Amino acid sequence: MRFYSAPARVRGSPADPVRRRCLALLPALLGGSLFAGCAGADTANGVPDQVLSARKLDELVARAFPYTHRLSGLASLTLRNPRLRLLPERNRLGTALDLLLVERLTGSRLGGGMDLDYGLRYDGREGAVRMTDVRVNWLAVDALPQPYQDLLSRYAPPLAEQVLDDFALYRFPRDQLALVRSMGLTVRALHVEPDGLHIALAPEPL
């Protein structure tokens, strides 16, 4: 699991009363619908964690799908209907997805499913939360003869892991990103907890 980390150098003092009031209001400033008005305990830098509830996290992940990827021009793979689960003991998320495989020459369509788990990292340049260290637990396509299922089980998971690694699950709106940056803050780490995703903020390096 890799985290985006920032040095602990500070632009101004987090203890400044005005700054602390801004930090206390941060969930409301960013939009209560996003963080559900929830802030965790202060970090060592005096910056409260922001918390995406499990329900809100499920909604945000759902917005990233359906996702379609072309396979060497021969077929397309569409992933849809994500079902999210929290894996706090491993600091990861798990997701079950329906899949649709369409052969481009004949137009034949095959359904199936996939289950995977992954870590999260913050992309500071893009303001995005991305999947990392993707692991496919199983992948199956309906109505395939068993020999083809065996081949699929052997070769498809590494391909799916490669396709989905670094996939952006969520991009912060520009205005929210600009607000956080204007306060001299950045995302230090992402922690999956039983109640949702905890976003640890820290002062941005000078």
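The values are calculated or read from the model by the stated rules, or taken from the named source; none is laboratory data. Source: prediction; values computed, not measured. When we count neighbours, we look across all protein chains shown, and the Cβ atoms used for this are built from the backbone with ideal geometry, even at glycine.
Here S153 fulfils each of the conditions (1) buried (at least 16 other Cβ atoms within 10 Å of the Cβ); (2) without any contact (Cβ under 8 Å) to a residue 60 or more places away in the chain; (3) in contact with a Phe, Trp or Tyr (Cβ under 9 Å, 6 or more places away or on another chain) apart from (1). The strands (runs of 3 or more DSSP E) located wholly in the stretch 62-150 that include 3 or more residues which are at pLDDT 95 or above occupy 75-87, 92-103, 109-123, 128-141. Taken together, the criteria place L34 among residues that are within 26 Å of L116 (Cα to Cα) and modelled with pLDDT under 50. Applying the condition of being of a type in the set (G, A, S) and not in a strand (DSSP E or B) to the stretch 174-205 and asking which residue is surrounded by the fewest Cβ atoms within 10 Å (Cβ to Cβ) yields S182. Residues satisfying the criterion are present in the stretch 119-140 (criterion: buried (at least 19 other Cβ atoms within 10 Å of the Cβ), touching a helix residue (DSSP H, G or I) at 6+ places or on another chain (Cβ under 6 Å) and either hydroxyl-bearing (S, T, Y) or on the phi > 0 side of the Ramachandran plot (or both)). Taken over the stretch 160-173, the criterion of being surrounded by 15 or more Cβ atoms within 10 Å (Cβ to Cβ) and part of a helix (DSSP H, G or I) is satisfied by A160, E161, V163, L164. Looking across the stretch 98-118 at every residue that is of a type in the set (D, E, K, R) and more than 13 Å from the chain's Cα centre (by Cα), the one that is surrounded by the fewest Cβ atoms within 10 Å (Cβ to Cβ) is identified as R109.
Scanning the stretch 72-93 for residues that are within 30 Å of L105 (Cβ to Cβ) and touching a helix residue (DSSP H, G or I) at 6+ places or on another chain (Cβ under 6 Å) yields one hit, P82.
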